[in-house]
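Have a look at the structure below, then the notes.
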Amino acid sequence: MIWPFRNSRPRQGASRTSQVVALTRAEFARPHSPGGDPDAQRRLCRGMRPAGAGRLRASLAARTRFFDQQVLAASSGGIPQVVIVGAGYDDRALRFRSPGVGFFELDHPGTQADKAARLRAMGAGPDSGGPTLAAADFRRDDVAAVLAASGHDARRPSLFICEGLLVYLDQPTCLRLLGSLRERAAPESRLAASLSVHRDGLDSERVAAVANARRRDSETEPWLTILPAAAHLDLLRQAGWRPADRIDAAELDTGVEPGRSLLVTADPQPA
């Protein structure tokens with residue numbers, strides 16, 4: 001197998017943050033389905049410029065554990081579609097490949113083009129059991145229409161995943177995106193999301209500004225939405241989702257600072 005990415009920089013427009021996440025995740029010990037590829041993340045990262053997640057590694061480990069379990073539970077529970085929004089270089093379509101389960105991945109066109117080429121090099125395109133990739137700019141595009149055009153079936157249940165995504169979107173965009181996912185959510189569907197939160201009594205814009213000042217990629221990929229937990233959950237309700245289970249990421253990894261990352265599931269509110 002010839003890998004065209006060795007010692008190369010990412011394609012123009014590909015998210016470097018997504019690559020850092022994937023490179024870090026490739027080092028974790030993770031489960032896989034009986035028919036899945038346990039080496040998928042490492043192979044997807046072949047040739048990426050090395051990087052470390054630094055102090056965010058523990059939070060990423062907790063998130064990865066949570067969302068891996070959500071996908072495994074959905075697949076074993078008979079949910080036939082998994083939609084990963086802001087997928088980046090996520091490997092779950094390959095790692096958790098299961099008969100009768102289709103994966104749809106949405107992300108920015110630049111990142112999707114790079115990932116599509118990597119999947120083709122691996123022999124893991126959509127015709128070979130890989131995910132269906134769809135390009136979307138969440139600030140402008142109608143995500144419900146993008147999913148419909150990609151072959152997603154709104155009559156069948158789906159697991160919708162928003163991992164590490166909403167913090168990069170402003171609140172109106174979050175609301176519009178989550179509402180579009182609700183449009184595509186058949187009964188028995190579920191949303192799983194990570195929410196960046198802060199304690200009550202702080203100014204959310206100030207919290208985001210301080211957080212971005214500590215980040216290397218804040219100019220190109222700034223954090224925009226960090227809210228108190230109650231406000232974040234209310235945003236889900238406004239978009240048509242009923243919060244169900246929730247857990248502080250610190251409960252999944254002792255290296256995570258409590259009160260910073262909330263991992264939640266939600267069910268579609270009745271129409």
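The values are calculated or read from the model by the stated rules, or taken from the named source; none is laboratory data. Keep in mind the model is a prediction, meaning the values are calculated, not measured. Neighbour counts are summed over all protein chains in view; Cβ atoms, including those assigned to glycine, are modelled from backbone coordinates with ideal geometry. With ligands, DNA and RNA removed, areas are computed over all heavy atoms of the protein, side chains included. Shrake-Rupley method; radii C 1.70, N 1.55, O 1.52, S 1.80 Å.
Before moving on, here are some points about what is shown:
- Neighbour-limited loop hits for GluC sites (Glu not before Pro), region 192-271 (at most 16 other Cβ within 10 Å; DSSP other than H, G, I, E, B): Glu219
- When the chain is treated as a Gaussian network with alpha carbon springs shorter than 10 Å, the biggest mean-square fluctuation among Ser59, Ser98, Ser76 belongs to Ser76.
- For the chain, with all protein chains in place and a probe radius of 1.4 Å, 50% of the accessible heavy-atom surface sits on carbon or sulfur.
- C-alpha center-to-center spacing [region 184-207, region 78-143] in angstrom: 23
- Net charge dipole size for the chain [Lys, Arg +1 and Asp, Glu -1 on Cβ; Debye, nearest 20]: 740
- The chain: most fluctuating residue of Ala211, Ala239, Ala144 per GNM, C-alpha cutoff 10 Å: Ala211
- Candidates Phe66, Phe28, Phe138, ranked by Gaussian network fluctuation over the chain, Cα under 10 Å, top entry: Phe28
- Estimated FRET transfer efficiency (Glu183, Ala244; beta-carbon r; R0 25 Å; 0.05): 0.80
- Among the trypsin sites (Lys or Arg not before Pro) found in region 184-271, those both in a DSSP coil and sparsely packed, with 11 or fewer other Cβ atoms within 10 Å of their Cβ, are Arg199, Arg214.
- Full-extension gain in nm, Asp267 to Arg155, via 0.36 nm per residue minus C-alpha separation: 38.8 nm
- Alpha-carbon Rg with Dmax, taken over region 212-271, Å: 14.2, 42
- Note that the chain presents 46 Å² accessible area per residue, ligands and nucleic acids not counted, probe 1.4 Å.
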